[in-house]
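**Q** Pasting a structure here, questions to come.
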Amino acid sequence: MTTISKSFENRFINYLLELSQGQQRGELAVLRRGLSQPPANDVAMYPYVARFIPEKLRGSSTEKVYYLIAALFAYHPLNTLQGNFGAHMHAAANEANQESTERRFVVLLNAHVDDLPDYLRQAVSYLKSKEIAVNWEALFNDLKQWSHPNRYIQRRWANSFWGYAPVDSENINQTVNQ
């Protein structure tokens, strides 16, 4: 990844954060309406998003990620600098809803890039209902690599969701001795 493209990414996410912090309700409402259409189809979003898309990315699948992130962010602007989307979904799960959250998450991990906007909208809505913040910059970067043949983004999210759980050797010894 070049330094130039990294600066565009940061500038775009910073712009979204500034809209939220400045409570630019009109702009956020326009961006939020973008959820009702496929990414980059709502022309009302263009004045707010297009200026952040480098010329070489116009017309690409990455361009759609800019519009998708803008719409999702406008819907749920809680931001964190920690974790990835798998960690956020894990944080939303509890004993009462673990199974349903896991099913929802597996569907998201298996989603084809063309279906991703719908599944992400549902997942972000779920996180919003649980008041779980999203690492928007990480999500933005991850979505641009979603179709990578190695599926490393999906594996990273899965590892964050299910994660390594160290075995408590003391409890094992007590169970064995009883």
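**Q** Going by average Cβ density within 10 Å per residue, which order do the peptides 138-144, 114-120 take, highest to lowest? Can you show the working numbers first?
**A** Working: 138-144: 21.0, 114-120: 16.4.
Highest mean packing first, the order is 138-144, 114-120.
**Q** On average over all directions, what projected area in square nanometres does region 3-162 have, based on the convex hull of its Cα atoms?
**A** On the way: hull surface 36.5 nm².
Hull-based average projected area comes out at 9.1 nm².
**Q** Are there GluC sites (Glu not before Pro) in region 69-171 that DSSP marks as loop and that have at most 16 other Cβ atoms within 10 Å, and which are they?
**A** On the way: sites: Glu95, Glu99, Glu102, Glu131, Glu137, Glu170; in loops: Glu95, Glu131.
Loop-located and lightly packed - Glu95, Glu131.
**Q** Moving to a separate point now. Take the chain, connect every pair of alpha-carbon atoms lying under 10 Å apart with a spring to form a Gaussian network, then pick out the residue of Asn79, Asn159, Asn94 with the largest mean-square fluctuation.
**A** Maximum among the listed residues: Asn94.
**Q** Which one, Gly59, Tyr126, Ala96, projects farthest toward the positive side of the charge dipole computed for region 3-162 from Cβ point charges (K/R +1, D/E -1)?
**A** Looking along the dipole axis, the top candidate is Gly59.
**Q** Can you give me the long-range amide H partners of His76? Hydrogens built in the peptide plane at 1.01 Å from N, cutoff under 5 Å, separation of 5 or more residues or another chain.
**A** Under 5 Å from the amide H of His76 lies no amide H from a residue far enough along the sequence or on another chain.
**Q** Let me ask something else. So how many Lys-Lys pairs in region 3-162 land under 24 Å Cα to Cα, not counting same-chain pairs under 8 apart?
**A** Working: Lys6/Lys56; Lys6/Lys64; Lys6/Lys144; Lys56/Lys64; Lys56/Lys144; Lys64/Lys128; Lys64/Lys144; Lys128/Lys144.
For region 3-162, the number of qualifying lysine pairs is 8.
**Q** Find the relative contact order for the chain and round it to a whole percent, using C-alpha pairs within less than 8 Å whose residues are 6+ positions apart. Walk me through the numbers before you get to the answer.
**A** Values: 161 pairs, mean separation 43.9, N = 178.
Rounded, it is 25 percent for the chain.
**Q** Hey, what did region 1-100 get for relative contact order, percent, Cα under 8 Å, at least 6 apart? It would help to have the intermediate numbers written out before the result.
**A** Details: 63 pairs, mean separation 30.3, N = 100.
Relative contact order for region 1-100 comes out at 30 percent.
**Q** Assigning unit charges at the beta carbon (Lys, Arg +1; Asp, Glu -1) and nothing else, what dipole magnitude in debye, to the nearest 20, does region 3-162 show about its Cα centre? Mind dumping the intermediate values first?
**A** Values: 18 positive and 15 negative charges, 46 e Å.
My answer is approximately 220 debye.
**Q** Something else: Take the chain, connect every pair of alpha-carbon atoms lying under 10 Å apart with a spring to form a Gaussian network, then pick out the residue of Tyr75, Tyr164, Tyr66 with the largest mean-square fluctuation.
**A** Result for the chain, Cα springs under 10 Å: Tyr164 fluctuates most.
**Q** To continue, here is another question. Sort 81-91, 35-45 for me by packing, meaning the mean count of neighbouring Cβ atoms within 10 Å per residue, highest on top. If you can, show how the numbers build up before the last one.
**A** Values: 81-91: 19.4, 35-45: 16.3.
Highest mean packing first, the order is 81-91, 35-45.
**Q** Tell me the angle of helix 61-75 to the major Cα principal axis of the chain, expressed in degrees between 0 and 90 and rounded to the nearest ten.
**A** 80
**Q** Could you derive backbone 3J(HN,Hα) for region 123-131 from the dihedral phi with the Karplus parameters 6.51, -1.76 and 1.60 (θ = phi - 60°), listing whole Hz in sequence and x where the residue is Gly or Pro?
**A** 5, 5, 4, 4, 5, 4, 5, 9, 6
Only the coordinates and a few stated rules stand behind these numbers; no lab work does. Nothing here was measured: the structure is a model prediction, and the numbers come from that model. In this analysis, Cβ positions are derived from the backbone assuming ideal geometry, glycine residues included, and neighbour counts consider all displayed protein chains.
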